[in-house]
Each structure stands twice: as structure tokens, then as C-alpha cells.
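The structure appears right after this line, and notes come after that.
Nothing in this text is a laboratory measurement; each read-out follows from the coordinates by a stated rule. Keep in mind that what you see is a predicted model, and the values were worked out from it rather than measured. Backbone-built Cβ (ideal geometry, glycine too); neighbour counts: all protein chains shown.
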Amino acid sequence: MEQNLQNLFKQAMHQPGSRLSGDIFSLIEYKKAKIIKVKKFGYLGLSILSLSGSVFSIWGLIEQSTQLGFFKYLSLAFSDGGIIATYWKEYTLSLVDSLPVASLGMSLFLLFILFISIRGISYQFKNKILIA
């Protein structure tokens, strides 16, 4: 009986009649391309949102800076350096007090998100080129 099985296995040849390995490889490539496409559109949408938010945030930052007199305090440093050297503590406190911190923080955050999304888009296009 054992010898019959050995003869049977010797006579049987492995015939790759199916294209299983090719199908698996093409499915993997399809999934990779789909993930790259989703990431690319996600990063693109995030960059558009952060760019538009940055524009409005910077516009608000400039508007609030002029209302609080930040530019007037800043121009004082370039016009009369002797008075600034004498009263530097009061000057820096006045300058910091007139700085719109919330708008500045929001603008920097949105610009940071914009740069991250631009980097992500460039990586996705690089991966798309490498796959093609």
C-alpha cells in the first residue's frame, strides 16, 4: 500500500494550471493602487481645507494685529531705539499684550497641517510613479 502511494506521488506532476499566483499579485497591486488613490484624495482635500483656513486665519490675524496696535508698538522699536533700551521691560510686555495669540496659534496650526498634507501628496504621487 505504501509503495502504491509512493508510485502515485512520483507519477503526479505539479502542473500550475491555475493562475493563482498571478491573480494574487494583481489583487495586491489593485489594493495598493486603491489605497494610494484614497490617500491622495484625502491629502488633497485636507490641503485645500487648510489652505482656505490659513488664508482666512492670516487675514484675521492681520486685522486683529492692527486693532490691538501691535504694528504701532513694533514700529516704535525701529523709530527710537534709545527709549526702547531704557524701557525695554514695559515695551516687551506691551508688545506681547498687543499680540493676538489665538489667531497666531490657529494660523501656525493650519500652515503646519498644510505642509504635512503637501508632503503626503508628494509621497503619494511618488508611490504612484514607482508603481507605474
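A few notes on this one:
- Counted as membrane-span-like here are DSSP H helices of the chain whose alpha-carbon atoms extend 30 Å or more along the helix's own axis and whose Kyte-Doolittle mean is 0.5 or above; these are 20-68, 101-131.
- Spacing of the modelled spin labels on L95 and A77, each 7 Å from Cα toward Cβ, amounts to 0.3 nm.
- Its Cα gyration tensor gives the stretch 16-93 an equivalent ellipsoid, and the semi-axes of that ellipsoid, as √(5λ) in whole Å with the largest first, are 62, 15, 7.
- Of the residues I84, G53, F70, the one whose Cα sits farthest towards the positive end of the charge dipole of the chain is G53 (charges of +1 on Lys and Arg Cβ, -1 on Asp and Glu Cβ, taken about the Cα centre).
- FRET E, pair L44, L68, Förster distance 30 Å, beta-carbon r, rounded to 0.05: 0.25
- All lysines inside 19 Å of K72 as judged from Cα atoms, apart from same-chain residues fewer than 8 positions distant: K89
- Modelled FRET efficiency - R0 41 Å, Y30 with I58, Cβ distances, 0.05 increments: 0.45
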